[in-house]
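All remarks here apply to the structure that follows.
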Amino acid sequence: MLDSDASPVRVTLVAEDPLARGALSRALTEQGGDIAVIAAGTLAEMESSRPELAPDVVLWDVGLHPAEPGGRLDAPELEAPVLALVPDEPTGEGALSAGVRGLLFRDVAPAPLLAALRAVARGLTVFDPALASVRTMPRAATSTSTPGPESLTPREREVLALLAEGLSNKAIADRLDISEHTAKFHVNAVLAKLGVQRRTEAVVRAARMGLVTL
């Protein structure tokens, strides 16, 4: 979440193809206005050298290699929601299964891309209209579906267990030796994956799924 509408949207750009990465970086820099690219590189580079300032959103160019139908992709875990650029629907399904918050085609124009980045940074979910069928697939974690336990990462399971203890974001951060910003990000991810809006609802739903014991 951004502190105010005047705050720049901090973007980490992840793309394996240097040409695509360069084109995206130029587009965001030249036309973004309130968009600030704070880091750009391959997935390995971004995960090995975390910037001191956490991004508000990660822009992930999945590339041209489509996923097999029903296949999984490994989304960047950079302490921020992810907007994925995909070449087709099968790849979109794989990216959605990996936990991204937005899906657009790789040839998206700059204006809708910038709007999507701002929306995802503020906690919204964004889909290209042509990818609407991907959004309604059973693998997608939406407010009306209940994902299986495998959709939560190990860290999110730890956060969920601490939520069940009634801990605040600050207390969770202290317990896990992470920043409060990171704790808040993981709490929001747990709520989104469980399809709830409140912490108590997350705990109740998790108990029913057998993820925590009350």
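Read the figures in this text as sums done on the coordinates, not as results from a lab. Fair warning: this is a prediction, and the values are worked out from it, not measured in the lab. Every residue, glycine as well, gets a Cβ built from its backbone with ideal geometry; the counts of neighbours run over all protein chains shown.
Residue by residue through segment 158-169, which ³J(HN,Hα) values in whole Hz follow from phi under the Karplus form 6.51 cos²θ - 1.76 cosθ + 1.60 (θ = phi - 60°), with glycine and proline marked x?
5, 4, 4, 4, 6, 4, 5, 7, x, 6, 7, 4
Obtain the nm distance between the two label points defined at ALA27 and ASP88 by a simple spin-label model: each point lies 7 Å from its Cα along the Cα-to-C-beta direction.
2.0 nm
What spacing in nm lies between the two simple spin-label points modelled at MET209 and ILE38, each 7 Å away from Cα in the Cβ direction?
2.8 nm
VAL126's amide H: which non-local residues (gap 5+, or another chain) put their own amide H closer than 5 Å, with H modeled 1.01 Å from N in plane and none for Pro or chain starts?
GLY102, LEU103
Taking θ = phi - 60°, what integer Hz values does the Karplus form 6.51 cos²θ - 1.76 cosθ + 1.60 yield along segment 115-125, in sequence order, with x for Gly and Pro?
Values per residue, Gly and Pro as x: 5, 5, 4, 5, 5, 5, 4, 9, x, 8, 10 Hz.
Report, by chain and number, residues whose modeled amide H sits under 5 Å from the one on ILE35, excluding near sequence neighbours (fewer than 5 apart, same chain).
For ILE35, whose amide H was placed from the backbone, the distant partners under 5 Å are VAL9.
Figure the gain on full extension for GLN197 and SER49 (residue separation times 0.36 nm, minus the Cα-Cα span) and round it to one decimal in nm.
Difference between extended and current length: 50.0 nm.
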